[in-house]
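**Student:** Following this message is one structure expressed as C-alpha cells.
The values are calculated or read from the model by the stated rules, or taken from the named source; none is laboratory data. In this text, all values refer to a predicted model and were calculated from it rather than measured experimentally. Counting neighbours? That spans all protein chains shown, and the Cβs are built from the backbone with ideal geometry, glycine included.
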Amino acid sequence: MNIRQLEVFQAIMSAGSLTGAARTLKISQPAVSAVVKDAETQLKMKLFKSISGRLHPTPEAIALLPFVNDVFSRIESLDLAAERLRDGQLGQIMLASTGALLHMLFPLAFIQFKKIAPHVGMSIHSGQKPFVIERVSQKESDLGLLYGPVAHAGIEVEELFSTELECAIPKHHSLAAKHYISAQDLNGEYVIGNKKYSTIGSLVDAACREAGVEPPKFSLEASFSFNPCLLVNAGAGIALLDPFIKMTGMVDNVIFRPFRPAVKIKTQIIYPRDRPRSKATQLFVDQLRAITHTA
C-alpha cells in the first residue's frame, strides 16, 4: 500500500463511511472509492463490505489498522526529527578541546546551549593540541578548541577571540601594586607557568627573546591553566595565564596584571575540512562567541 492508500484507509476507519472520509480528505467520494478499489486489488483481499446499506470494515481491515496507525506515527516522528534537526534541536556534537579551554569555555557555553537546544547530545574529548588536531582532521570530532597558531591540511580554522597573557598574583603579594608585570619582575619569584614547548610557553619564550629579555624561569610547569590558577588562589605563587580564566570564578584571592613584553594569545575553533557543519554545531559555536564577546 502506498501513502495515499494508507491515508484513505485510515480516514474511512476513522469516519466510518466513504462520504466522511472524502470530507476529511477534501476529495470526492468517487476518488475515495477508486483508491479503496486499487488497495484491495493490490492486497488481494476485501477491506470493506456494504451491509444493510452501511459500510463495515472486514476483520482483516480491523487487524490492519494498528499497523497503519503505526506508519503515520512514525511519519510524524520523522517530521518532528527533521524539524528539530533543521533548527539545531536534535543530534550529537563531538567536541575536542585542550584542557585549558575546556575548563574555561565549555561550562559557560554549555549552560547557555542547553537552554536553547536541550535535546542535543554532546561528547567531549580532551587532550593536548596535537590530539585535538588529529581528532578534527580525521573527522572524529565536529569541532575543536585550541590556542593558535595552527595549520593542517585537514582542517578549517576560525578565530574565536584573542587576549594578551596576564600575570595572576595573590591579592596581598608585593607585585600586586604594579600596573603591569615585566619578565624581570618575576626574577626570584615562585612562578607557575605552561611547559616551555606548549603553545603558550613557546609564545612567552619568543616574545621575551624578541624584546631582548630573559624569559621567566618557571618553578612549576603545568600543562594548562586550571591547576596554576588554583595554586595562585591559595597563595602558592604567581602564574602566567590566559585572563579568560577569570570567568571561571576560581579567582577570589587573585588579581591580574598585564605581562610585559606583551604575549598575544589567539583562541581558535577548528573544523574538519570539506564537511558541512550541522545546525546544532553552529548554535553551540554561537554560544561560545557570545560568552567570549561579553567577557
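**Student:** What's the number of the only condition in (1) surrounded by 14 or more Cβ atoms within 10 Å (Cβ to Cβ); (2) closer than 20 Å to Arg74 by Cα that Ile3 fails to meet?
**Tutor:** (1)
**Student:** Using the structure shown, decide if Ser77 is outside the structural domain of Phe106 (by TED's automatic domain parsing), under 30 Å from Gly121 (Cβ atoms) and either outside any helix (DSSP H, G or I) or not acidic (Asp, Glu) (or both).
**Tutor:** Yes, satisfied.
Let's see how each residue does on (1) closer than 30 Å to Pro228 by Cα; (2) surrounded by 14 or more Cβ atoms within 10 Å (Cβ to Cβ); (3) among the small types (Gly, Ala, Ser):
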{"position": "Ala11", "(1), (2), (3)": "no, yes, yes"}
{"position": "Ala22", "(1), (2), (3)": "no, yes, yes"}
{"position": "Ile27", "(1), (2), (3)": "no, yes, no"}
{"position": "Asp38", "(1), (2), (3)": "no, yes, no"}
{"position": "Gly99", "(1), (2), (3)": "yes, yes, yes"}
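**Student:** Let me ask something additional. Say whether the condition of being of a type in the set (Ser, Thr, Tyr), more than 20 Å from Gly235 (Cα to Cα), at pLDDT 95 or above and outside the structural domain of Lys246 (by TED's automatic domain parsing) is met by at least one residue in the stretch 146-163.
**Tutor:** Within the stretch 146-163, none of the residues are of a type in the set (Ser, Thr, Tyr), more than 20 Å from Gly235 (Cα to Cα), at pLDDT 95 or above and outside the structural domain of Lys246 (by TED's automatic domain parsing).
**Student:** Out of all the residues in the stretch 51-60, is one or more over 30 Å from His293 (Cα atoms) and in a helix (DSSP H, G or I)?
**Tutor:** yes
**Student:** Restricting the search to the stretch 127-137, which residues are among the polar types (S, T, N, Q) and either at positive phi or at pLDDT 95 or above (or both)? Steps first, answer last, please.
**Tutor:** Let us first name the residues in the stretch 127-137 that are among the polar types (S, T, N, Q), namely 128, 137.
Hit for the stretch 127-137 is Ser137, nothing else.
**Student:** From the list Ile133, Ile93, Ile124, pick out the single residue that is touching a residue at least 60 places away in the same chain (Cβ under 8 Å), part of a strand (DSSP E or B) and more than 30 Å from Val36 (Cα to Cα).
**Tutor:** Sole residue among the options that is touching a residue at least 60 places away in the same chain (Cβ under 8 Å), part of a strand (DSSP E or B) and more than 30 Å from Val36 (Cα to Cα): Ile93.
**Student:** If you take the residues of the stretch 40-55 that are of a type outside the set (D, E, K, R) and surrounded by fewer than 13 Cβ atoms within 10 Å (Cβ to Cβ), which of them is nearest to the chain's Cα centre (by Cα)?
**Tutor:** Gln42
**Student:** Also: Say whether the condition of being out of contact with any strand residue (DSSP E or B) (no Cβ under 7 Å at 6 or more places or on another chain) and either part of a loop (DSSP other than H, G, I, E, B) or in the same structural domain as Gly237 (by TED's automatic domain parsing) (or both) is met by at least one residue in the stretch 101-114.
**Tutor:** no
**Student:** Restricting to the stretch 153-172, name every residue that is of a type outside the set (Val, Ile, Thr) and surrounded by fewer than 18 Cβ atoms within 10 Å (Cβ to Cβ).
**Tutor:** Within the stretch 153-172, Ala153, Gly154, Glu156, Glu158, Glu159, Phe161, Ser162, Glu164, Lys171, His172 qualify.
**Student:** Now for a different question. For the stretch 57-97, name all the residues that are under 30 Å from Ile133 (Cα atoms) and loosely packed, with under 13 Cβ neighbours inside 10 Å. First the steps, then the outcome.
**Tutor:** Just the residues of the stretch 57-97 that are under 30 Å from Ile133 (Cα atoms), to begin with: 84-97.
Residues satisfying the conditions are Arg86, Gln92.
**Student:** Now, a different point. Among the numbered criteria (1) closer than 17 Å to Met1 by Cα; (2) assigned to a helix (DSSP H, G or I), which single criterion is violated by Thr19?
**Tutor:** Checking Thr19 against (1) closer than 17 Å to Met1 by Cα; (2) assigned to a helix (DSSP H, G or I), the one that fails is (1).
**Student:** Something else now. Can you tell me how many residues in the stretch 256-283 are more than 19 Å from His152 (Cα to Cα), aromatic (Phe, Trp, Tyr) and within 19 Å of the chain's Cα centre (by Cα)?
**Tutor:** Of the residues in that region, 0 qualify.
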